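K.L.:
This is the structure I want to talk about, given as structure tokens.
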Amino acid sequence: MSGTLFSDVMLFDGTGAARFPGEVLIRDDRITAVARGDERLPREGATVIEGRGRTLMPGMIEAHGHLTWPTSIERVINTMKPLPIEQHVLVTAQNARITLDAGFTSVYSAGSLGERIEPALRDMIDGDFIPGPRLRASALEKGAEGVLGVPAGHDPTHQRDIPHLRAYVAQKKADGCDTIKFLMSSDDAFQPGGSQTLMYSEDEAQAIGAAAREAGIWLACHAQGSEAVKRALRAGFRAIYHCTYADEEALDLFEARKDHAFTAPAVGLLWARTHEAQAFGIGPEEAAQMGAPRGIELGQKVIPEMKKRGIRVLPGGDYGFPYNPHGRNARDLEHFVRLFGFSPTEALVAATKHGGELMDLEVGVIREGWLADLLLIEGDPTADVRLLQDKAKLAAIMKGGRFHKPPSPTFH
Ligand SMILES: [Zn+2]
């Protein structure tokens with residue numbers, strides 16, 4: 001028998017319960033036992049990791065990932081357009097590894113700059129050929145490229161009639177995608193007032209919803225304006241990103257569907273665009289023109305209200321811009337605490353348990369029988385979520401029972 005035993009750890013199990021001292025035993029890729037207090041688990045054949053009071057928590061989930069967006073904390077690639085495909089595939093694989101290095105053991109895709117990159121990447125990761133997080137894969141974001149300011153890197157076909165939309169959904173399923181992303185609204189960053197421009201009619205949205213249910217594929221969307229949010233909810237979309245201008249009626253609709261739908265506002269991008277993008281030609285004026293500071297302000301009203309209603313609001317989103325690089329994803333938890341009134345524990349639950357529910361996998365909670373995606377953290381993230389941004393504090397990263405980042409020898 002082999003396996004790993006984490007001993008003398010403080011467990012944050014992802015549910016929101018206070019940390020408790022204990023042990024966790026892993027055999028193969030699963031958590032097989034969790035002990036509390038002084039109870040000791042069988043050690044036979046297991047490598048024992050002495051935690052010395054460090055925190056063991058579930059791996060985090062990036063709820064709104066764009067692994068094909070080029071820039072990471074390791075390299076700036078100053079474009080948001082598709083790269084030559086050979087380079088793009090390799091850069092994406094690099095970004096997957098960097099995201100896992102940052103403590104994110106799962107990523108739910110919010111769209112890709114290539115049609116087939118993510119299903120292929122997911123299969124390479126699942127086959128254990130390259131390092132990366134578990135991935136719910138997607139394709140190009142569907143929205144008319146070149147129309148209403150929608151930039152390159154979106155679906156270029158412009159075939160938006162219902163038969164073509166139905167065929168598109170079926171094709172994405174055949175391509176091996178888990179989720180499809182639609183631009184339900186445009187965006188203020190694409191063109192002024194874009195957030196209020198609807199990209200699909202009610203009939204089109206309903207047809208997309210029906211086709212997706214038939215094909216067995218999830219739907220995600222970019223939805224800024226209130227009508228876009230409502231339209232997506234009525235059509236059965238599962239991940240409804242941003243919700244920037246959601247009004248009372250949109251919030252009521254969301255609340256009624258809160259067991260089936262999620263949101264991730266992607267505030268990290270807005271923050272970086274507002275405060276940190278000067279070197280990339282985006283000063284205060286440009287940021288305002290793109291609606292970034294306004295987006296943060298609106299979020300500070302909408303997000304706390306969503307949380308109050310029990311809607312699952314998840315951290316992460318839109319990393320991969322030159323000024324919002326992959327690898328910085330954990331900063332979203334700090335934004336949730338500082339801007340949206342989440343307690344550190346609430347932000348952690350959103351990044352773990354709720355993220356696991358979005359993935360629809362047995363991840364995000366430390367529970368017997370569930371997948372062993374775990375982080376060993378120096379310090380107490382339930383007191384200060386900023387710890388998670390510091391690589392030196394990420395003492396170990398385990399995915400599927402194996403260490404992506406083993407604890408340093410001094411832990412043994
Ligand atoms: Zn996005």
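K.L.:
Would you mind telling me which numbered condition in (1) under 26 Å from the mean Cα position of the chain (by Cα); (2) away from the ligand (no atom under 16 Å from the Cβ) PRO42 fails?
P.N.:
Single failed check for PRO42: (1).
K.L.:
Something else now. When only residues in segment 115-126 that are open to solvent by less than 10 Å² (accessible area, probe 1.4 Å) and not hydrophobic (A, V, I, L, M, F, W, C) count, which is farthest from the ligand (Cβ to nearest atom)?
P.N.:
Residue satisfying both the conditions and the ranking: PRO119.
K.L.:
Same structure again: Applying the selection to segment 185-210, what residues are of a type in the set (D, E, K, R) and part of a loop (DSSP other than H, G, I, E, B)?
P.N.:
Of everything in segment 185-210, those that are of a type in the set (D, E, K, R) and part of a loop (DSSP other than H, G, I, E, B) turn out to be ASP187, ASP188.
K.L.:
Got at least one residue in segment 93-110 being open to solvent by less than 20 Å² (accessible area, probe 1.4 Å), modelled with pLDDT of 95 or more, more than 18 Å from ASP373 (Cβ to Cβ) and hydroxyl-bearing (Ser, Thr, Tyr)?
P.N.:
no
K.L.:
Let me ask something else about it. Residue pairs, Cβ under 6 Å, 6 or more apart or interchain, first in segment 344-358 and at pLDDT 95 or above, second of a type in the set (Gly, Ala, Ser) and open to solvent by less than 10 Å² (accessible area, probe 1.4 Å). List them.
P.N.:
THR352/GLY14; THR352/GLY364; LYS353/GLY14; LYS353/GLY364; GLY355/ALA63; GLY355/GLY364; GLY356/GLY364; LEU358/ALA63
Table: residues versus (1) open to solvent by less than 10 Å² (accessible area, probe 1.4 Å); (2) in contact with a strand residue (DSSP E or B) (Cβ under 7 Å, 6 or more places away or on another chain).
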site: MET290; (1), (2): no, no
site: PHE321; (1), (2): no, no
site: ASN324; (1), (2): yes, no
site: HIS335; (1), (2): yes, no
site: ASP380; (1), (2): no, yes
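K.L.:
Every residue in segment 126-139 that is of a type outside the set (Gly, Ala, Ser) and under 17 Å from the mean Cα position of the chain (by Cα), please.
P.N.:
Of everything in segment 126-139, those that are of a type outside the set (Gly, Ala, Ser) and under 17 Å from the mean Cα position of the chain (by Cα) turn out to be PRO133, ARG134, LEU135, ARG136.
K.L.:
Within segment 260-275, identify whether any single residue is away from the ligand (no atom under 15 Å from the Cβ), within 16 Å of ILE311 (Cβ to Cβ), of a type outside the set (S, T, N, Q) and within 19 Å of the chain's Cα centre (by Cα), and answer yes or no.
P.N.:
yes
The values are calculated or read from the model by the stated rules, or taken from the named source; none is laboratory data. Nothing here was measured: the structure is a model prediction, and the numbers come from that model. Here Cβ is always computed from backbone atoms with ideal geometry, including for glycine, and neighbour counts include all displayed protein chains. Protein only, heavy atoms only, side chains kept; ligands, DNA and RNA dropped before computing areas. Shrake-Rupley method; radii C 1.70, N 1.55, O 1.52, S 1.80 Å.
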